[in-house]
Structures are given as C-alpha cells and as structure tokens.
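Single-structure report; data block below.
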Amino acid sequence: MTSFTVAVRIVPRRGLLDPQGKAVADALHSLDFAGVQDVRVGRYIVVSLRADNAEAAEADVRRMCEQLLANPVTEDFELENARPLAAGATS
C-alpha cells in the first residue's frame, strides 16, 4: 500500500441560502469590489490515507464524503486528484 493525500472542496449547493457567502459578498462590495457577483463559503479538507493506488484512494475519500464529510442534502463536494506522499513525508 502507498500513502496518498486527497483534497476535498465542500460548498453549499447552488440555490440554497449561504449566509456566510452573502456576508462576504456584501463586505467585498462595501470595499469597492463591484465585480463580485457571488461568494460561496465552504470547507477544504485534506485526507491522508493508505490505499493500493490513486483510484482506490479517491474512491475511499468519495465514500467518506458521501457518508460523513459532506451533507448530501445541502452540500456539494469535489475531489482533487490523489497524490502520493513522498516516502517519510507527513502531513
């Protein structure tokens, strides 16, 4: 088995109220960033795990998101490609 890292971006689903995103957008407008149309505030999670290959690591993290890390009713998630950890590296 090899050690991998997989990063996950989790954001509120489009069309659902995002009070934090609205507050940030309003603050940016007040700072004269008039071009800002929308802001979504979410979470960025990096998971380190052992798996047989990158595909298996990504599949495991996808299941983690579906079962625990993301709320399937209110949030969407996107995985970054699994990256092998260098030997002896820790994250």
Original post:
Expressed in nm², what is the orientationally averaged projection area of the convex hull enclosing the Cα positions of the chain?
Top reply: 7.4 nm²
**OP:** Take the solvent-accessible surface of the protein heavy atoms, probe 1.4 Å, and return the percent of it on the chain that carbon and sulfur atoms account for.
**Re:** 54 percent
Original post:
When only C-alpha pairs under 8 Å and at least 6 residues apart count, what is the relative contact order of the chain, in percent?
Top reply: 48 percent
Original post:
For segment 1-50, what D do you get in µm² per second when you plug the Kirkwood radius from alpha-carbon pairs into Stokes-Einstein at 37 °C and 0.692 mPa s?
Top reply: 253 µm²/s
**OP:** Roll a 1.4 Å probe over the protein chains and send me the accessible area per residue for the chain in Å².
**Re:** 69 Å²
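The values are calculated or read from the model by the stated rules, or taken from the named source; none is laboratory data. Quick caveat, the model's predicted, so the values are computed rather than measured. To get the accessible areas, we keep the full protein, side chains included, count just its heavy atoms, and leave off ligands, DNA and RNA. Shrake-Rupley method; radii C 1.70, N 1.55, O 1.52, S 1.80 Å.
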